[in-house]
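Here the structure comes first, spelled out in structure tokens, and everything after it is commentary.
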Amino acid sequence: MNKNIKLAVAGAVLALSASANAGIIIPAGEWTLDINGNVNAFASSTKGKGATTNTAAIGGIAMAPQAHEDQTMGINTGLLPSWLGFTGTTRQNDVDVSFTISMQPNVSENEAAGDDLTPKNRQAFVSFGDKSWGSVKLGKDIGIFASDAILNDMTLLGVGGAAGSSGTKTTLGGIGTGYIYAAWKGQVAYTTPNFNGFQATVGITNPNQNATSAVQTLFQDRFGLEGKASYSFSGDALSGKLWASGASYDVTRTDAGASYTASVADIGLNVNAGNLGLTGYYYSGEGVGTTVFGNLAYDATRGAKRDSDGGYAQLTYVLPTKTKLGLAYGTSNLDRSTAADNAIISKNERITLGAYHPLTKHLNLVAEYNDIESRVHDGSKGESQSGSLGAILFF
């Protein structure tokens with residue numbers, strides 16, 4: 001299987017204890033073409049109550065009741081988008097060379113509504129290297145910072161947050177309730193060789209990645225800097241991975257004329273012993289906001305950055321039937337800039353119960369329950385509970 005799909009499937013493999021298999025392999029002269037991906041869909045129902053805390057203006061994740069209706073339903077793609085990827089690999093002049101192009105269609109929009117949720121194109125990159133000196137990647141791929149947080153999240157196989165609303169592209173999983181979204185970014189990155197389990201990646205990423213009303217114009221003055229280091233270990237009784245990553249961006253805001261540096265770091269650990277798995281993760285940042293990088297990161301009225309932190313803990317167990325049961329708790333916290341900065345989210349919390357069953361080698365059935373609470377600094381809060389049933393097929 002190609003490297004990019006391994007990223008997308010890594011968490012799924014972890015969640016199911018299933019082996020990652022190559023896609024459709026086609027020899028083509030000096031090249032080998034790998035066609036691979038997944039298709040998934042989930043029927044979800046969400047019931048909300050409390051204050052309206054799900055708008056971008058205040059940063060809530062809980063799905064608040066709509067006018068005359070406190071329950072919403074939808075058939076949507078889950079956290080991992082449906083995927084069709086093409087990777088070509090070859091070895092020339094003692095260098096491993098590859099390219100990857102992928103697209104991500106969705107199942108969330110009815111044709112009568114216009115089919116306006118067009119497919120995403122999240123990957124287009126070339127890489128080259130050798131196991132003796134490492135590899136270089138140029139193009140668009142998942143971000144370096146916080147990528148391991150999402151890839152170790154059991155809801156990568158399912159839904160997580162923001163379920164039950166018809167017409168959404170993908171759900172949130174633990175994004176905004178445990179970690180900041182790694183996103184898909186134009187980048188130039190170098191990855192070291194694997195030194196007995198230790199490996200590191202450093203890279204620069206595209207500026208100007210966000211320019212919405214909530215995020216404003218960011219990353220103006222220089223390339224973003226991201227990096228991570230990890231150590232993977234495996235033994236007869238214990239296996240797992242320890243990682244840490246970080247990011248730094250210069251920020252220029254068009255609404256306030258402010259410039260500052262946004263920085264964030266994280267640390268995570270995944271450990272597996274027999275049928276039992278445990279994952280712990282924590283992040284902390286200044287001026288990076290919550291949910292997506294830069295969201296609500298700065299108080300323009302008072303001219304100050306906001307601090308944020310969060311993390312998640314996850315426990316899984318594989319039954320004799322190969323069904324993996326999981327329990328996870330996650331939280332993302334956003335501090336006020338001053339005591340008067342009350343009209344923003346304070347905390348998004350999530351509890352997930354999940355069951356993930358490999359019906360076949362490639363087809364997995366998924367059932368999830370998610371309970372989410374969003375609290376605002378002014379004391380108001382909203383809650384939502386959702387249930388989801390669906391399936392995800394890898395090829």
Notebook entry, point to check: What net charge is computed for the residues neighbouring Val188, neighbours being all others with C-beta under 13 Å from the C-beta of Val188, Lys and Arg scored +1, Asp and Glu -1?
Noted result: +1
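Tally Lys/Arg at +1 and Asp/Glu at -1 over every other residue whose Cβ is under 15 Å from the Cβ of Asn342; what's the total?
Its environment carries a net charge of +2.
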Next item on the list: May I ask you to work out the translational diffusion coefficient for region 297-358 at 37 °C, viscosity 0.692 mPa s, via Stokes-Einstein with Rh from the Kirkwood sum over Cα pairs, reported in whole µm²/s?
Entry: 231
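Can you figure out the FRET efficiency of Thr90 with Thr360, using R₀ = 22 Å and their beta-carbon distance, to the nearest 0.05?
Values: r = 32 Å, r/R0 = 1.46.
Efficiency computed from Cβ-Cβ geometry: 0.10.
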Margin query: Taking the beta-carbon count within 10 Å as an exposure proxy, list Asp70, Asp236, Asp299 from fewest neighbours to most.
Written below: Asp236, Asp70, Asp299
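What is the order of Arg306, Arg222, fewest Cβ neighbours within 10 Å to most?
Working: Arg306 21, Arg222 12.
Lowest count first: Arg222, Arg306.
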Checklist line | Straight-distance crosslink candidates among lysines, where the alpha carbon sits under 25 Å from Lys185 and sequence neighbours closer than 8 are dropped | finding: Lys3, Lys6, Lys120, Lys131, Lys137, Lys140, Lys169, Lys228, Lys241, Lys305
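Only the coordinates and a few stated rules stand behind these numbers; no lab work does. Keep in mind that what you see is a predicted model, and the values were worked out from it rather than measured. Note that each Cβ is placed from the backbone with ideal geometry, even for glycine, and that neighbours are counted across all protein chains shown.
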